[in-house]
Each structure stands twice: as C-alpha cells, then as structure tokens.
Amino acid sequence: MEDSLEFKWLVEYLAIFFITLIIGTLVHELGHFFVAVMYGVPARISYAYTYYFGTFAEYQRFWFLMGGPISSWLVASIGITIILIKYRHMHKERVKPIGIGQSISIVGTSFSIRFIFNAGLYFINTTLGGMTSNADEAKIAQDFLGINPDILIYGSAGIALLLIFIALYYIPAHQRYIILIGGIIGGILGYIFWNYWVGPIILPPP
C-alpha cells in the first residue's frame, strides 16, 4: 500500500515539474517581453527566447536583459518566503503528506532551477567548450557590469541551489526524495520536450 502511494506521488511530481519547467521558461520570457512593451519596442516571445524589433537605449537594453531573471527570481522568492513563513514545521511530519499550498510554494521556488540549468549548459558549452554564451547573465556581466560572467552565472546557480535545499529541508522526510527525483527527472524531460520538440513548433523563432 505504501509503495503504491509513493509511486503515485512520484508520478504526480514528475508531471508537476514537467509542466513547471515549461511554465517557468515562458514566465522568464514574459519578463523580457514586458520590459520591451514598457519601452515601446515591438517584441515577440519564441519558445525560449524573446526577440525585439527596434532599438533600445543602453539602459533600456539592460532592463530588457534583466526582465527575465527578475521574473524568475520573483516567483522563486515568493515560493521560498511562503515556505519559511508558513511551512517550517513540515519537516517534522512523519506521515502527513504535503498539501496543495506547500506544493505550490515548492513549485514557485523551483523556478530558480533555471539558473542551475543555465550554469550546467554554460559549464559545458563555454567553460569547457570555449563557446560564447548567450545567457542573460553573461550579457549583463560583460556588457554592463564589467565582471567575469562566471561570477554571475555560477553565483546565481549557487543561490538557486541554496533555495532548493531549503525547500527540500522543509518537506517531510518521507516525501523528500520522491519530490527530488520527480523534480530532476520531470524537469529534464520538460526541458527536452519543450526546447527540442514542441516549443519550436508552437512558438517558433520569427
């Protein structure tokens, strides 16, 4: 009975994080899009990019680049804040499953996983492969802050990991590994599904 319940939870969280990866990507791009709209520059959201058709002043381009990360961090910050305020006692639970409220908070916090994905791709393609990075953080670091992109990219990933570890700590121990496995596998499958299969068809580049 317990094994079937755990399997049910695993399937649920695989599906949840599969969808969350797609939603998180679009929320990130909406952050870029809204800044473009705010400055009156025509823009269009693709599956994992936001294209603009016009010219930004330099300070406007800075905020355009920042719009995506800000939107992702905002959702993650709301999620972890709710966990710390309302659900700190949950890690002591031994039987009671987490409810909808805590699940939503965990999903919100998981929007920060994007920065971990980015750091992994950056490590493979740029740190090891020597390719130029198109990540928002790399452009912000190089073009506006005058610092090594490693600082911003790996620093963001470190903060994201911290948020994820905090969220996991306040999950009841008997569900912690299920949500972790569901998050990792569901997130990877969602990334592949959206970025390499369905996303380019539904929201192709201009």
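The values are calculated or read from the model by the stated rules, or taken from the named source; none is laboratory data. Here the structure is a predicted model, which is why all the values come from computation and not from measurement. With ideal geometry, Cβ positions are generated from the backbone for all residues, glycine too; neighbour counts draw on all protein chains shown.
Things to note:
- Flag if Ala15 is in a helix (DSSP H, G or I) and of a type in the set (Gly, Ala, Ser): yes
- Any hit, region 107-125, residues being closer than 21 Å to His174 by Cα and of a type in the set (A, V, I, L, M): yes
- Residue match in region 70-86 (condition: of a type outside the set (Gly, Ala, Ser), crowded, with 20+ Cβ neighbours inside 10 Å, farther than 20 Å from Leu163 by Cβ and modelled with pLDDT of 95 or more): no
- When region 177-191 is filtered for residues that are more than 15 Å from Ala15 (Cβ to Cβ) and either of a type in the set (A, V, I, L, M) or touching a Phe, Trp or Tyr at 6+ places or on another chain (Cβ under 8 Å) (or both), only Leu180 remains.
- Residue match in region 154-175 (condition: more than 22 Å from Glu29 (Cα to Cα), buried (at least 18 other Cβ atoms within 10 Å of the Cβ) and touching a Ser or Thr at 6+ places or on another chain (Cβ under 6 Å)): yes
- Among the residues of region 96-126, the ones that are surrounded by fewer than 15 Cβ atoms within 10 Å (Cβ to Cβ) and touching a Leu at 6+ places or on another chain (Cβ under 6 Å) come to 0 in all.
- When residues of region 18-42 are limited to those that are assigned to a loop (DSSP other than H, G, I, E, B) and either under 19 Å from Phe117 (Cα atoms) or not aliphatic (A, V, I, L, M) (or both), the one farthest from the chain's Cα centre (by Cα): Gly40
- Pairs where the first residue, in region 46-59, is at positive phi and the second is surrounded by 10 or more Cβ atoms within 10 Å (Cβ to Cβ) and at pLDDT below 95, C-beta under 9 Å, 6+ apart: none
- Scanning region 24-51 for residues that are closer than 13 Å to Phe64 by Cα and either crowded, with 19+ Cβ neighbours inside 10 Å or small (Gly, Ala, Ser) (or both) yields His28, Glu29, Gly31, His32, Phe33, Val35, Ala36, Gly40, Ala43, Thr50.
- Among the residues listed as Glu12, Glu29, Glu6, the single one being among the acidic types (Asp, Glu), touching a strand residue (DSSP E or B) at 6+ places or on another chain (Cβ under 6 Å) and touching a residue at least 24 places away in the same chain (Cβ under 8 Å): Glu29
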